[in-house]
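Trainee: Quick one: the structure is below, and I'll ask about it shortly.
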Amino acid sequence: STGAVTAVSGDHLKFSGVTVSGDIVINTSDTDAPSVLNSAVDMEDTTVTGSVYAGYTVGGNATGNSATIAGNIDIQSDNLYGGYTMSGEASNNVVNISDASVDIGGTDTEDEIDGDSDVRGVVAGGAYSGSASENEVIIDSSTVRADVTGGYVFIGNAMNNTVSVSNSETVYVFGGFAYGSGDVSGNTVSISESVAVDGIIYGGVTNSGNATGNTVSISSTSLEAAVGGQTNEDGDATGNTVILSDVTRANDVSGDVI
């Protein structure tokens, strides 16, 4: 494609062995029904010069959208999203990455937290300026050079999102991430039999809200550090859990460790 690829809510786009010069976006075109629902993007051995949104809406909800990724994927802009909303709710969106090598360029979302200067993009089940709940990222037998988040929000709360990683190599992983004053609660990260995790694993992180009841479970994995729940300013971090089994290089662990 010599330009961006755009479709409407409910569509299913499939790409294999191609280059897309621009974004891949499934969005809402009917102002009377602003939500984007049950859309899907499948990609295999594909290069995209922009970002990928399986579901994108400005004023509605992003619900039940999915991105399925395999083979060699190069997304040269910032992001790969299952569901993305500017002001609504992102829920029950899924990104499934299997037998893939995924490289996403962009600005690292963690510069504000730990000063990491690496340049990476973001893989998120659901995002952005509303609440994010029940979203999921699944990574199996893959290498993902991006920060991975189940639910990522700027303003609202991130609740009950899930990231599962098996037999893979990743960087930073977050169950839920709230950039502002929102709460992160009930988010889960499960990592097993992974080659390495070259970054910190967080159940939930918020800038100034509360981090409550988030869980990190890691087995048969080499990693840098693990944190059940973290708040950077005025909030409370309570009831967060880290479960470790046959883990090496766990330099730093924070939470109720089992």
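Trainee: Go through the stretch 195-224 and report how many residues are among the hydroxyl-bearing types (Ser, Thr, Tyr), surrounded by fewer than 20 Cβ atoms within 10 Å (Cβ to Cβ) and either closer than 21 Å to SER98 by Cα or modelled with pLDDT of 95 or more (or both).
Mentor: Total satisfying the criteria: 4.
Trainee: Follow-up question, since we're still on this one. With the condition kept exactly as written, say whether any residue in the stretch 207-216 is farther than 14 Å from ASN160 by Cα and in a strand (DSSP E or B).
Mentor: no
Trainee: Within the stretch 243-257, is even one residue at pLDDT 80 or above, crowded, with 17+ Cβ neighbours inside 10 Å and over 18 Å from VAL165 (Cα atoms)?
Mentor: Checking the stretch 243-257: not a single residue is at pLDDT 80 or above, crowded, with 17+ Cβ neighbours inside 10 Å and over 18 Å from VAL165 (Cα atoms).
Trainee: Sort out which residues of the stretch 168-193 are in a loop (DSSP other than H, G, I, E, B), open to solvent by 10 Å² or more (accessible area, probe 1.4 Å) and either of a type in the set (A, V, I, L, M, F, W, C) or at pLDDT below 95 (or both), and write them in order of number.
Mentor: VAL171, TYR172, TYR179, GLY180, SER181, GLU193
Trainee: Of everything in the stretch 132-146 that's assigned to a strand (DSSP E or B) and not β-branched (Val, Ile, Thr), which residue is most open to solvent (accessible area, probe 1.4 Å)?
Mentor: Going through the qualifying residues, I end up with ARG145.
Trainee: Report whether or not THR85 is at pLDDT below 90 and closer than 30 Å to PRO34 by Cα.
Mentor: Taking the combined requirement at face value, the residue does not satisfy it.
Trainee: Also, quick follow-up: Would you confirm whether or not the stretch 147-162 contains a residue that is open to solvent by 10 Å² or more (accessible area, probe 1.4 Å), closer than 15 Å to VAL197 by Cβ, at pLDDT 95 or above and of a type in the set (S, T, N, Q)?
Mentor: no
Trainee: Being open to solvent by less than 40 Å² (accessible area, probe 1.4 Å) and farther than 16 Å from ALA146 by Cα: is that true of ALA54 here?
Mentor: It is true that ALA54 is open to solvent by less than 40 Å² (accessible area, probe 1.4 Å) and farther than 16 Å from ALA146 by Cα.
Trainee: Going by what's in this entry, would ALA40 be described as at pLDDT 95 or above and farther than 25 Å from VAL153 by Cβ?
Mentor: So ALA40 fails the test.
Trainee: Please determine, by comparing only the residues of the stretch 5-51 that are among the charged types (D, E, K, R) and within 15 Å of SER66 (Cα to Cα), which one is least open to solvent (accessible area, probe 1.4 Å).
Mentor: So the residue we want is ASP42.
The values are calculated or read from the model by the stated rules, or taken from the named source; none is laboratory data. These numbers come from a predicted model, not from an experiment. FYI the Cβ positions are ideal-geometry reconstructions off the backbone, even for glycines, and counts take in every protein chain you see. All accessible areas refer to the heavy atoms of the entire protein, side chains included, with ligands and DNA or RNA removed. Shrake-Rupley method; radii C 1.70, N 1.55, O 1.52, S 1.80 Å.
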